[in-house]
Amino acid sequence: MTIPQQDHTRTDQTRTDRTPDDETTFPPSPEFVADAVADSSLHDAASADRVAFWAEQSRLMLDWRTPFTSTLDWSAAPFARWFADGELNVAENCLDRHVRAGNGERVAIHFEGANGDTRTITYAQLTADVQRAANMLAGLGVGQGDRVVVYLPLIPEAVVTMLAIARLGAIHSVVFGGFSAESLRARIEDAGAKVVVTADGGWRRGAVSPLKPAVDEALQGEGTDSVEHVLVVQRGGNDIDWTDRDRWWHDEFAAAAPEHEAQAFPAENPLFILYTSGTTGKPKGIVHTSGGYLTQAAYTHKNVFDMHPEKDVYWCTADIGWITGHTYVVYGPLANGVTQVLYEGTPDEPKPGRWWDLVDAYGVTVLYTAPTAVRAAMKAGRQIPEARSLETLRLLGSVGEPINPEAWQWYRQVIGHDRTPIVDTWWQTETGGIMISALPGVTKLKPGAAQTPVPGIVAEIVDDDGHRVDPGGSGYLTITEPWPAMARGIWGDPDRFVETYWSRFPGRYFAGDGARLDGQGDIWVQGRVDDVMNVSGHRLSTAEIESALVGHEGVAEAAVVGAADETTGQAVVAWVCITEEAQASITDRDALVQDLRAWVAKRIGPIARPRDVFIVDELPKTRSGKIVRRLLRAVTEGRPVGDTTTLADTSVLTALQQHTARKR
Ligand code: WTA
């Protein structure tokens, strides 16, 4: 990875001086502390002996068929082996053991379809379904080490399929249902999948969005000969083409034997491959294994989300196509025997407020979502959540991008009724589980900061030369010690793993994010280093300017890019969506633009004043809701946008291009 050589320490010193929020904190309430899962003994134990701490957590969180005697083998660094001589079955840990413990009647999944169809699935039922599905897949020839690609909507069968694959010691590779046939093809080819599990279609905004045609198209392409069968869940009821290799899920499922005895597999047996798009080039197949991954998934889920399985109703809004869906919809919550909500649709279908209705309907206590969703809710207006109760909520989580302090405050006030702690969790596909987050009941919360590594994780912010920065400084976020859920490599490309993550700072995992350490030692993740701008030799964080813009009462959402500029190297260009209230009340848009430029100059400093502010209806986003700055930068600079396959809606770009064309 190439990283621009810049002086982070100097420019961020200036930044720190301008960040009054370092001092705003929310200590845990005594009521929360009284019943909190985590306490400070976790930090003490982890700092006393980190490796022993993980061994203890693993024994506490999981049932091992063969107990491990070796905790960490780092002799082939950076390829770690955790708990390597132990054996377990991942699915059994997520299912059967809860039934054996007498919790079979506890609800595992409250499913709500986009159209309002519902299913309540207990741990006993889910266990039975997974056993049968494991027999079904075994009948199609799936065994240990085989790869199965999963291309499904967010429906219970997706969870059942993942766990059935895990139960067999096979490897799943979930491809998000919004990805194109070509992306699917490339992933099938790279993984060498034997079986693909899909659905005829899924529901979205009252209509069926077909999935099977993309599989058909993918399998007509090159490199997919490895696929022997396609298993099709009936969901959309839409007409589909049928080939000899296709099988209906319901037929095969009904024909499969009901009971399946789970076999134990070594801790390092691969569990899944998940492809992440790097900034350029071919997607990387990140490989995760069993024992270490499940240990960290369960441990972080329990402690970061303060899980009381006997009474909590947890809801993570992520799709299973992303790592958040793997770790915090499937493996973490189920390993902990928690009741959760699974919702197929979007936040605002058929009308705004659907999410908040679901919170009330199921009595959700812990909600985990992305800042982009929070900002979208802000944009829609607080009257929508205010018309709901939301009284059951007691803890809120954030993931996926830096959450600006204003969104954090809004999330706490409007959704959390000024009562709920918020955990801002930093992690990545590659880290497998949460790495940096407050611990509710322990940490004094600071809006906008991910704050501290969870006990057992050691993170450091370093400068260009790999030297640790002092409080007040900033640089690159690195992880200095191996952790259980760390990626074990890139599928089929070990060299790329070493080069991408371990070569920039020898001996350290470099995450690709910039971060700041404040005066109290809290970490503020600033976003990918490629989102950093250099204006007249001063480094500016896009996230920081965005945060300032969103702090303006008229702004709902903002994206900032550094556009090439003859005079200053780069110039700050802001794209903003304004709130509904502002749309209704503002008559002079030019005046608002000037106001916003002045606002940023005032909040951060004249150097940050945007050269241009474009007011638009929508920002270009991926299907997972991340703003695609690469495209925004290209549009801003009037360059060809190139590959737009990651976008949820490409028409957004055309609208943006009209703005810049007008400017030129
Ligand atoms: C970003 C998602 C700031 C970061 C779990 C990281 C965050 C990338 C946060 C990984 C956070 C994730 N604060 N930035 N709390 N969480 N990120 O692989 O840039 O989809 O490198 O994993 O998201 O994205 P990924």
Checklist entry - Any chance the range 380-394 includes a residue that's closer than 28 Å to A485 by Cα and either away from the ligand (no atom under 11 Å from the Cβ) or without any contact (Cβ under 8 Å) to a residue 24 or more places away in the chain (or both)? => result yes
Checklist entry - Mind checking which pairs have a first residue in the range 455-479 that is free of Cβ contacts under 8 Å to residues at least 24 places away in the same chain and of a type outside the set (A, V, I, L, M) and a second that is surrounded by fewer than 19 Cβ atoms within 10 Å (Cβ to Cβ) and in a strand (DSSP E or B), Cβ under 8 Å, 6 or more apart or different chains? => result none
Checklist entry - Filtering the range 317-348 down to residues that are near the ligand (Cβ under 10 Å from one of its atoms) and under 13 Å from G397 (Cβ atoms), which residue is surrounded by the most Cβ atoms within 10 Å (Cβ to Cβ)? => result T327
Item to check | Qualifying position, being among the β-branched types (V, I, T), surrounded by 12 or more Cβ atoms within 10 Å (Cβ to Cβ) and modelled with pLDDT of 90 or more, among V613, V652, V628, V641 | outcome: V613
Next on the checklist: If the requirement is being under 27 Å from the mean Cα position of the chain (by Cα) and part of a strand (DSSP E or B), which of these qualifies: S183, S209?
Outcome noted: S209
Checklist entry - Restricting the range 65-86 to residues that are within 28 Å of the chain's Cα centre (by Cα) and either among the small types (G, A, S) or more than 20 Å from E481 (Cβ to Cβ) (or both), which is surrounded by the most Cβ atoms within 10 Å (Cβ to Cβ)? => result A80
Checklist entry - Looking at this structure, is D588 within 32 Å of the chain's Cα centre (by Cα) and either farther than 30 Å from P347 by Cα or away from the ligand (no atom under 16 Å from the Cβ) (or both)? => result no
Checklist outcome for this item: For the range 226-245, the count of residues that are buried (at least 21 other Cβ atoms within 10 Å of the Cβ) and more than 23 Å from G141 (Cβ to Cβ) equals 1
Checklist entry - Among the residues of the range 514-546 satisfying the criterion of being at pLDDT 80 or above and surrounded by fewer than 21 Cβ atoms within 10 Å (Cβ to Cβ), which is nearest to the ligand (Cβ to nearest atom)? => result D518
Item to check | Qualifying positions in the range 193-225 - surrounded by fewer than 17 Cβ atoms within 10 Å (Cβ to Cβ) and under 17 Å from I171 (Cα atoms) | outcome: none
Checklist entry - What is the residue count in the range 161-184 for residues that are surrounded by fewer than 24 Cβ atoms within 10 Å (Cβ to Cβ), closer than 16 Å to A199 by Cα and not hydroxyl-bearing (S, T, Y)? => result 4
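Residue-by-condition table, conditions (1) in contact with a Ser or Thr (Cβ under 8 Å, 6 or more places away or on another chain); (2) assigned to a loop (DSSP other than H, G, I, E, B); (3) over 22 Å from G521 (Cα atoms); (4) within 15 Å of the ligand (Cβ to nearest atom):
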| residue | (1), (2), (3), (4) |
| --- | --- |
| L396 | yes, no, yes, yes |
| W408 | yes, no, no, yes |
| Q413 | no, no, yes, no |
| H417 | no, yes, yes, no |
| V423 | yes, no, no, yes |
| T429 | yes, yes, yes, yes |
| G432 | yes, yes, yes, yes |
| G441 | no, yes, no, no |
| I457 | no, yes, no, yes |
Checklist outcome for this item: Residue set F497, F505, F510; condition part of a loop (DSSP other than H, G, I, E, B) and surrounded by fewer than 23 Cβ atoms within 10 Å (Cβ to Cβ); output residue F505
Checklist entry - How many of the residues making up the range 365-417 are of a type in the set (V, I, T), under 28 Å from P309 (Cα atoms) and more than 21 Å from the chain's Cα centre (by Cα)? => result 2
Checklist entry - From the residues in the range 375-394 that are assigned to a loop (DSSP other than H, G, I, E, B) and among the small types (G, A, S), which one is modelled with the lowest pLDDT? => result G381
Item to check | Hits in the range 580-605 (condition: touching a helix residue (DSSP H, G or I) at 6+ places or on another chain (Cβ under 9 Å) and assigned to a helix (DSSP H, G or I)) | outcome: E580, A582, L592, L596, W599, V600, A601, K602, R603
Checklist entry - Taking the range 304-316 as the region of interest, how many residues are out of contact with any Leu (no Cβ under 6 Å at 6 or more places or on another chain) and more than 16 Å from the ligand (Cβ to nearest atom)? => result 8
Checklist entry - For the range 254-373, list the strands (runs of 3 or more DSSP E) that sit wholly inside it and hold at least 3 residues that are closer than 30 Å to E557 by Cβ; which are they? => result 270-276, 313-316, 339-343, 366-369
Checklist entry - List pairs: first in the range 429-445 and in contact (Cβ under 8 Å) with a residue 24 or more places away in the chain, second within 9 Å of the ligand (Cβ to nearest atom) and of a type in the set (S, T, N, Q), Cβ under 6 Å, 6+ apart or cross-chain? => result T429/T276; G433/T327; I434/T425; S437/T425
Checklist entry - Only one residue in A101, A138 is buried (at least 17 other Cβ atoms within 10 Å of the Cβ), modelled with pLDDT of 95 or more and not in a loop (DSSP other than H, G, I, E, B). Which one? => result A138
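The values are calculated or read from the model by the stated rules, or taken from the named source; none is laboratory data. Please read these numbers as outputs of a predicted model, since none were measured by experiment. Using ideal geometry, Cβ is built from the backbone for each residue, glycine included, and neighbour counts are taken over all protein chains shown.
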